[in-house]
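See structure below.
The values are calculated or read from the model by the stated rules, or taken from the named source; none is laboratory data. Note that the coordinates shown come from a computational prediction; the quantities given were computed from them, not determined experimentally. Glycine also receives a Cβ, built like all others from the backbone with ideal geometry; neighbour counts cover every protein chain displayed. Just so you know, the surface numbers come from the protein's heavy atoms only, side chains and all, with ligands and any DNA or RNA stripped out. Shrake-Rupley method; radii C 1.70, N 1.55, O 1.52, S 1.80 Å.
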Amino acid sequence: GTSTDDTSGTTDTTFGATDDDTTVETTTPDAPAVTKSPDSPKLEDLGSAAGLGMACNGAVATGAGSSLTGGIVSGGGFISGAKSSVTGDIEALGAAEFGADAHYNGTLTCQAAVHLGDSDIYSGDIYSTAAVHVGASVKMDGNVYSSVTLAIGAGADVTGVKLSGTASQAVPPFDQGNAIAAVKNALDNYVSNGMDRGEPFTSSVKDRVLLPGEYYSIPALAYEGDLTFRGTSADTWVIRVTGALSFNGKIFLEGGALSSNIHWVVNAAAKAEAASVFHGKILAQGAISIDAEATMFGSLNSMAACALLANTKMNYA
């Protein structure tokens, strides 16, 4: 069957079995049906990639003016741009740096140096096995523990405990390895079970509707246009891409479909192009990029680096 978009006058192509008697509610990308407010994952809960906005074996970056809700595990460093906002616990093996006027709410655990930019607003604790620098005019409601040195800039206000030099015993254990292992195991399982399962998914058909099921693209997928996932909150979708994924368009959810039930398995790099609206959990061998002005509902799980570019918005789902 087909469904017609009265606004644009174009015809959407529906894939999978249809039920013409089913009534669906259409949502727009700007007001998705899924409006979960995720809890920030705690460090003790990071035993798998579940519950994380990002689980990346490489570095993680959030661009200037970006907004992220969801926990982060980074096998490298973490950089947050000026005037960015992050809500969720962060665990990084490399250095962590926040740009000026950034907002952060969560617990940061880092195995390298930590730098809070000038005029940052920070709510939560910092644990570092290296030096910590709190920039000028920072407003911090929380404790700072550094195993080396702690420097606090002019006009900064830290309300909690400030310990350095002998506080290494206070640093919580790192669980980054378990989260990244969960990502690797999930990728290995998909590959071993076959990346060509289900219906073919190509970029030749635009503005299509996907019903619940499994789809695949060989080798790469560069999709432009709208994409609608139609189903209930109990339904799932798996899209396997043996090469790189590039998505340039807007995803819609219909009938109660959930972002958390959409799985993108990519055997290379993945990207949501600028100003796109994307839903789903991305599981990728290569780097993942959410480009400028894009909106993401889901999670990023990669054996490489992950990046949100300037003015992106991402909510864990």
Exercise. Looking at region 236-263, which of its residues are surrounded by fewer than 23 Cβ atoms within 10 Å (Cβ to Cβ), of a type in the set (Ser, Thr, Tyr) and out of contact with any Asp or Glu (no Cβ under 8 Å at 6 or more places or on another chain)?
Worked result: Thr236, Ser260
Exercise. So which strands (runs of 3 or more DSSP E) stay within region 146-227 end to end and still have 3 or more residues that are at pLDDT 90 or above and out of contact with any Pro (no Cβ under 7 Å at 6 or more places or on another chain)?
Worked result: 150-152, 208-210, 213-217, 221-224
Exercise. How many residues are under 16 Å from Phe297 (Cβ atoms) and of a type in the set (S, T, N, Q) when one looks only at region 237-276?
Worked result: 4
Seminar exercise, completed: For Ser233, the lone unmet condition from (1) surrounded by 14 or more Cβ atoms within 10 Å (Cβ to Cβ); (2) in contact with a Leu (Cβ under 6 Å, 6 or more places away or on another chain); (3) of a type outside the set (Phe, Trp, Tyr) is (1)
For this session: State which residue pairs qualify: first residue in contact (Cβ under 8 Å) with a residue 12 or more places away in the chain and over 18 Å from Gly249 (Cβ atoms) and inside region 208-231, second residue open to solvent by 50 Å² or more (accessible area, probe 1.4 Å) and of a type in the set (Asp, Glu) in any location, beta carbons under 7 Å apart, and separation of 6 or more residues or different chains.
Result: Gly213/Glu199; Tyr216/Asp196; Ile218/Asp196
Problem set entry | Within region 48-143, strands (runs of 3 or more DSSP E) holding 3 or more residues that are among the aliphatic types (A, V, I, L, M), out of contact with any His (no Cβ under 8 Å at 6 or more places or on another chain) and open to solvent by less than 40 Å² (accessible area, probe 1.4 Å) | 52-56
Problem set entry | Lone unmet requirement of (1) touching a residue at least 60 places away in the same chain (Cβ under 8 Å); (2) in contact with a Ser or Thr (Cβ under 8 Å, 6 or more places away or on another chain); (3) aromatic (Phe, Trp, Tyr) for Phe278 | (1)
Exercise. Is it the case that region 183-198 has a residue that's closer than 30 Å to Ser119 by Cβ and open to solvent by 40 Å² or more (accessible area, probe 1.4 Å)?
Worked result: no
Exercise. Do the conditions hold for Glu273, that is, is it in contact with a Ser or Thr (Cβ under 7 Å, 6 or more places away or on another chain), open to solvent by 30 Å² or more (accessible area, probe 1.4 Å) and of a type in the set (D, E, K, R)?
Worked result: yes
Seminar exercise, completed: Subset of region 245-272, residues of a type in the set (S, T, N, Q), touching a Gly at 6+ places or on another chain (Cβ under 9 Å) and part of a strand (DSSP E or B), comes to Asn248
Exercise. If you check Ala182, Ala234, Ala186, Ala257, which single one turns out to be of a type outside the set (Phe, Trp, Tyr), farther than 21 Å from Asp291 by Cα and touching a helix residue (DSSP H, G or I) at 6+ places or on another chain (Cβ under 9 Å)?
Worked result: Ala234
